[in-house]
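Report on the structure given below.
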Amino acid sequence: GGIEMPKENRVFFVPKKGAVQSEIRITFPVKIQPGQSDEMSAKLMNSILGGGVFSGRLMQNLREDKAYTYGCRSSLSSDEVIGEFSTSGSFRNEVTDSAIVQIMMEIEGMVNNEITDEEIYRAKKSMAGSFVRSLESPSTIAYLALRRIKYKLPADYYKTYLQRLEKITKEELKA
């Protein structure tokens with residue numbers, strides 16, 4: 001309870017005189033809490049869509065295929081109250097409407113289109129590499145320890161991160 005989920009899409013235009021690009025943000029609240037059983041598979045799905053991987057579907061479509069932008073990414077965050085899914089990018093003004101259509105198509109495509117083994121492999125390697133690199137920073141280690149305590153995660157939650165990531169199946173991604 002507490003948070004009312006949107007029932008329909010809404011578009012907000014914020015005109016800025018002289019802008020040479022359109023900043024597009026598509027966001028949606030998601031009911032995903034830290035440590036939830038499907039949090040990691042949801043984040044892997046987001047990585048395939050556009051979570052910082054150059055080979056993500058958003059980059060391949062909007063940058064490589066259509067040349068609408070230098071970059072379009074997505075993010076997914078969990079929170080004890082309500083998480084957030086978001087996409088963002090800067091686009092040439094004349095393709096603003098087309099870019100929105102393509103982004104929405106890619107989001108819906110995560111459910112409607114096949115996720116390939118190659119996409120899963122690349123996204124898992126990217127997430128594993130990012131996780132291992134993040135452990136080089138003392139501030140990240142402190143953040144993870146604090147997060148583990150705050151959300152009452154199992155003591156081995158981060159020690160088993162790579163093993164849990166590797167075990168995620170295509171079926172779990174589709175769910």
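The values are calculated or read from the model by the stated rules, or taken from the named source; none is laboratory data. Keep in mind that what you see is a predicted model, and the values were worked out from it rather than measured. Note that we place each Cβ from the backbone using ideal geometry, even for glycine, and neighbour counts take in every protein chain shown. The protein model used for the area step is the full one, side chains on, heavy atoms only, and it has no ligands, DNA or RNA in it. Shrake-Rupley method; radii C 1.70, N 1.55, O 1.52, S 1.80 Å.
At a glance:
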read-out: Residue satisfying all of: in the stretch 100-115; among the aliphatic types (A, V, I, L, M) and open to solvent by 30 Å² or more (accessible area, probe 1.4 Å); farthest from Glu64 (Cα to Cα) among these; value: Val111
read-out: Residues of the stretch 99-115 classified as without any contact (Cβ under 8 Å) to a residue 40 or more places away in the chain, of a type outside the set (A, V, I, L, M, F, W, C) and part of a helix (DSSP H, G or I), total; value: 2
read-out: The listed residue being more than 29 Å from Tyr121 (Cα to Cα) and of a type outside the set (Lys, Arg), out of Glu84, Glu39, Glu80; value: Glu80
read-out: Members of the stretch 116-154 found to be in a loop (DSSP other than H, G, I, E, B) and either exposed (fewer than 10 other Cβ atoms within 10 Å of the Cβ) or of a type in the set (A, V, I, L, M, F, W, C) (or both), listed by number; value: Leu135, Glu136, Lys152, Leu153
read-out: Checklist (1) assigned to a loop (DSSP other than H, G, I, E, B); (2) within 15 Å of Glu106 (Cβ to Cβ) applied to Arg10, failing item; value: (2)
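Quick grid of which residues meet (1) within 20 Å of Ser47 (Cα to Cα); (2) acidic (Asp, Glu):
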{"position": "Ser75", "(1), (2)": "yes, no"}
{"position": "Phe85", "(1), (2)": "yes, no"}
{"position": "Ser90", "(1), (2)": "yes, no"}
{"position": "Glu108", "(1), (2)": "yes, yes"}
{"position": "Arg147", "(1), (2)": "no, no"}
{"position": "Leu153", "(1), (2)": "no, no"}
